[in-house]
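Okay, structure first, notes after.
The values are calculated or read from the model by the stated rules, or taken from the named source; none is laboratory data. Keep in mind that what you see is a predicted model, and the values were worked out from it rather than measured. Note: ideal-geometry Cβ built from the backbone for every residue, glycine included; neighbour counts use all protein chains shown. Just so you know, the surface numbers come from the protein's heavy atoms only, side chains and all, with ligands and any DNA or RNA stripped out. Shrake-Rupley method; radii C 1.70, N 1.55, O 1.52, S 1.80 Å.
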Amino acid sequence: MKYKLIKAIDVAGLTFLTPVVRLCYGEEPKKQLQEIGRFIVVPLIAFAVFVGLWGAIAPRHKTKSGEVPTPLVVWDAASSIWRFHDREADKEDAYGLSGKTREQKLAIVEKRLSQLEPLETLANQHVKEANAARTTSVEELVGPILTQYEKLDAEFSAAQTEREAALKRDAGLLASADRAAREAYLQRVRDHAAKTEAEREQLKELKAEETAIRAEKFPQLVNALKAQTRIAEERQYLGKLSEQLGHGNRTLKLDEQMAQLRADQVTFLSAEGDAAFMLAQRIVRQEARIQKTSESTYAKPWTLPMQIYRSLACVFAGFLIGSAIAIPIGVLCGLSKTFMAAMTPFIALFKPVSPIVWLPIALIIVGGFIPDPDKHWLIDFLANLPLLGWMKINPAFIASAITVALCSLWATMTNTALGVASIDKDHLNVARVLRLGFKDRLFKIVIPSSLPLIFAGLRISLGVGWMVLIAAELLSSSEGIGKFVWDQFNNGASDSFAKMMVVVFVVGLIGLVLDRIMIVFQRLVSFDDAAAAI
Amino acid sequence: MAFIELDNVSLGFGPDGDRTEVLTDVCLEVEENEFVAVIGFSGSGKSTLIALLAGLLLPDSGEVRIHGKVQTEPGPDRGIMFQNYSLLPWLSVYGNIELAVKQVFPEMKTAERKQYIQRYIDMVNLTGAEWKKPHELSGGMRQRLSLARTLSMQPEVLLLDEPLSALDALTRSQLQDEITRIWEEDRRTVVMITNDVDEAVLMADRIVPLTPGPNATLGQSFEVTLERPRDRTTLNFNPDFKHLRNEVTEYMLDINREAKELRVADAIELPDIQPIDLTTPSGRMAS
């Protein structure tokens, strides 16, 4: 059991857990504790230090779009993203509910709404109080500054007028051709200008001090506003929810439309002439409307979890396209030096090209193949697939996937070529002695022997693809994590910055998991004891 | 007509100007069911010789004939057991043998094949290790697997390329006995390459020395007339065995000496100079 566990950990590339397992089995506790200290505690401390430094440094740096968010703010943003996703899912459910469950749910929602009312009044009251408290405290602080400002301002302008008058007076006394006197006069004017400038600076400083005090955060107000926003958000959500459960509900809408239809049908039986024609038309229209309503779903906005799902689908689509191109070409390159020579210029030329260049090209080409996405068979087909259909795969998605493929396939291709070319000569001799045909040689000897290197290449490719994808989505506006970042950047709400930081961690975490998965595959196909690099 | 004939076979490597002749005018005849050991120093072209027999290499001049037929490509009728096992590391013990069996006997039914493979696994005492990968096996077990794979092809000729040289002494003697036992049960023509005189005397019917390369060729052959089965424990006291062993060893040393003398004759004579330290003692201290 113990060795099986350790082996599984090793295959999964989570070797830092090995000492924990060994410790649980009581094996050399001192040594295991040392290992745990080094491989678990030290990284945790390092991360804690990082978070601490971040929290300490972030508030000092003010940008045009607000403060750099602290870890706490980012955490808040993450939970707000999750809450949004959760609530949208609720609304979607509510739209499809019918019968008793709908009524029960509606009752719960209304009850909660009525509970919220006093809370909201209270929150508003708090905000009002906080605002008042803030005003008094600010005025208290600002008052003396303002007094001083006014005093100085009056003093300075009086002094300036006086100086100017003196200068004007003395200008009349200047003797002609008295060079030295004129020089001295000029100097006096210069001094006057400098002094005026200095006084202006002084006033400006005072003004800045005042602005700073007015802009300073007032914790009481911040908290009150936060609570108020939270309640307002919930109330809005519950309002929408009750709408989805009430008159916006699909079943209710259908019932209403059906009733209308039945009434029309009854009148139609006795109608004559023009009226009959009109009614018939109405019935047909109503039937079509009912059909549409019964197929309709809640118009759910994109939430980050949905966008993550779509991004993952996109990266795997690109990865599959890339691998399907890279592996066969890589195998051919490895088998034939001539073919390799033919491919080398392409590999060398296209490998360094940035995704930013591939994307517009891919968009144009895909756009050429799919001029009208609403009526194209491919888009239609993809929209009806299970698990993928709801993602609304569009040309931008396809172009992003192609960009991922184009940027990521090179690592797989070169690694496959290397793997095939460096196959052990003895293994080929075995194939010769057995007189294996080309197909058998390829699938029984060449490919199995190069699998570890192929998978090493695939691992790099997936990592590159994930990096490229975010940029591609950002540019192509294909719904996904990249689009989320771009929307936040353009939207400029108070928590946009924090939400972008959330994405940093989400992207990093998913990249890490993808890499781990590829390591497991790599370990499973590698046949020697040499552990794959982590 | 002998079963295997090597007829004035020569083989060299390299371009015209910088050519190494590995084998020159090698002639060898092996009778059917004979066990021949080719013995030689390392680097004398032993592996090249076995590759020629297997058809992995083609001679520059001369012919390799089996059953009177000139050989032009390798095939499963000449089962070769490589020096470094050449097992496929991604296949299990069973899988390695299965690959060979499937290729050589494609008409065999699944159940029959399973039994057949198991028989060879049992034959080399690998029972229980069927699903292990080569890297989980010891050197001796790997070589046994290699032997089982080669035997499972039911070759007419068994070519053993220093099969035991990578093993420790104990495993080695154990495998020597096993190979001899299997060969005695199921006689067939064997050519074994070795660098161990004892091994050759113990196992073979005839010993053929290979002169040191380049331009290696086969020397005078020694018949081993010791009775089978040969028991290594009593053999050490057998005067015939001792005599033959000494004779072969002496011969090998002789040809090696000759070859060295020959080589010295056309070697460039190096100037006899000694480096002299010319630095002053103080200079040496400073540095």
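Scanning the range B:57-68 for any residue that is touching a strand residue (DSSP E or B) at 6+ places or on another chain (Cβ under 8 Å), part of a helix (DSSP H, G or I), within 14 Å of chain A (Cβ to nearest Cβ) and at pLDDT 85 or above turns up nothing. Any residue at all in the range B:22-40 that's open to solvent by less than 40 Å² (accessible area, probe 1.4 Å), modelled with pLDDT of 85 or more and within 11 Å of chain A (Cβ to nearest Cβ)? No; the residues of the range B:22-40 include none that is open to solvent by less than 40 Å² (accessible area, probe 1.4 Å), modelled with pLDDT of 85 or more and within 11 Å of chain A (Cβ to nearest Cβ).
Candidates are the residues of the range B:89-133 that are basic (Lys, Arg), outside any helix (DSSP H, G or I) and surrounded by 15 or more Cβ atoms within 10 Å (Cβ to Cβ); the one that is nearest to the other protein chains (Cβ to nearest Cβ) is B:133.
Among the residues of the range A:194-221, those that are over 21 Å from residue A:151 (Cα atoms) and surrounded by 11 or more Cβ atoms within 10 Å (Cβ to Cβ) comprise A:216, A:218, A:220, A:221. Tell me, please, whether a residue that is within 30 Å of residue A:78 (Cβ to Cβ) and out of contact with any Pro (no Cβ under 9 Å at 6 or more places or on another chain) can be found in the range A:370-379. Checking the range A:370-379: not a single residue is within 30 Å of residue A:78 (Cβ to Cβ) and out of contact with any Pro (no Cβ under 9 Å at 6 or more places or on another chain). Considering (1) touching a residue at least 40 places away in the same chain (Cβ under 8 Å); (2) outside the structural domain of residue A:398 (by TED's automatic domain parsing); (3) farther than 30 Å from residue A:486 by Cα, the lone condition that residue A:326 does not fulfil carries the number (2). Of all the criteria given as (1) modelled with pLDDT under 90; (2) away from chain B (no Cβ under 14 Å), the one not satisfied by residue A:508 is (1). Being over 15 Å from the mean Cα position of the chain (by Cα), of a type outside the set (Asp, Glu), surrounded by 17 or more Cβ atoms within 10 Å (Cβ to Cβ) and in a helix (DSSP H, G or I) holds for only one residue in A:308, A:327, and it is A:327. If you check residue A:263 against the conditions, is it open to solvent by less than 80 Å² (accessible area, probe 1.4 Å), touching a residue at least 12 places away in the same chain (Cβ under 8 Å) and part of a helix (DSSP H, G or I)? No; evaluated as a whole, the condition is false for this residue.
For the range B:134-149, which residues satisfy the criterion of being within 13 Å of chain A (Cβ to nearest Cβ) and under 16 Å from residue B:176 (Cα atoms)? Once the filter is applied, which keeps residues that are within 13 Å of chain A (Cβ to nearest Cβ) and under 16 Å from residue B:176 (Cα atoms), the range B:134-149 yields B:142, B:145, B:146. Check whether at least one residue in the range A:462-479 is of a type in the set (Asp, Glu), in contact with a Lys or Arg (Cβ under 9 Å, 6 or more places away or on another chain), closer than 30 Å to residue A:79 by Cβ and open to solvent by 30 Å² or more (accessible area, probe 1.4 Å), and report yes or no. Among the residues of the range A:462-479, at least one is of a type in the set (Asp, Glu), in contact with a Lys or Arg (Cβ under 9 Å, 6 or more places away or on another chain), closer than 30 Å to residue A:79 by Cβ and open to solvent by 30 Å² or more (accessible area, probe 1.4 Å), which makes the answer yes. In summary, strands (runs of 3 or more DSSP E) completely within the range B:1-54 and bearing 1 or more residues that are farther than 20 Å from residue B:71 by Cα and of a type in the set (S, T, N, Q) occur at B:20-30.
The residues in the range A:231-260 that are more than 34 Å from the chain's Cα centre (by Cα) and farther than 16 Å from residue A:110 by Cβ can be counted, and the count is 9. Of all residues in the range A:145-189, those being closer than 21 Å to residue A:199 by Cα and not in a helix (DSSP H, G or I) number 0.
If you go through the range B:69-81 and keep only what is at the interface with another protein chain (Cβ under 9 Å from one of its Cβ atoms) and either open to solvent by less than 20 Å² (accessible area, probe 1.4 Å) or outside any loop (DSSP other than H, G, I, E, B) (or both), you end up with B:74, B:75, B:78, B:79, B:80. One residue alone among A:26, A:37 is over 30 Å from residue A:499 (Cβ atoms) and not in a helix (DSSP H, G or I), and that residue is A:26. Restricted to the range A:421-456, and to residues there that are more than 9 Å from every other protein chain (Cβ to nearest Cβ) and polar (S, T, N, Q), the residue that is least open to solvent (accessible area, probe 1.4 Å) is A:450.
Determine if the range A:56-65 includes at least one residue that is surrounded by 12 or more Cβ atoms within 10 Å (Cβ to Cβ) and touching a residue at least 60 places away in the same chain (Cβ under 8 Å). Yes, some residue in the range A:56-65 is surrounded by 12 or more Cβ atoms within 10 Å (Cβ to Cβ) and touching a residue at least 60 places away in the same chain (Cβ under 8 Å).
Picking from residues in the range A:36-70 that are farther than 20 Å from residue A:230 by Cβ and within 18 Å of the chain's Cα centre (by Cα), the one that is modelled with the lowest pLDDT is A:65. Would a scan of the range A:481-489 turn up a residue that is within 14 Å of another protein chain (Cβ to nearest Cβ) and open to solvent by less than 30 Å² (accessible area, probe 1.4 Å)? No, every residue in the range A:481-489 fails to be within 14 Å of another protein chain (Cβ to nearest Cβ) and open to solvent by less than 30 Å² (accessible area, probe 1.4 Å). Number of residues in the range B:44-56 that are within 30 Å of residue B:253 (Cβ to Cβ) and either within 10 Å of another protein chain (Cβ to nearest Cβ) or basic (Lys, Arg) (or both) equals 3. Test residue A:160 against the stated conditions and say whether it is farther than 30 Å from residue A:217 by Cα, surrounded by 11 or more Cβ atoms within 10 Å (Cβ to Cβ), without any contact (Cβ under 8 Å) to a residue 40 or more places away in the chain and under 38 Å from the mean Cα position of the chain (by Cα). Against the criterion (farther than 30 Å from residue A:217 by Cα, surrounded by 11 or more Cβ atoms within 10 Å (Cβ to Cβ), without any contact (Cβ under 8 Å) to a residue 40 or more places away in the chain and under 38 Å from the mean Cα position of the chain (by Cα)), residue A:160 does not qualify.
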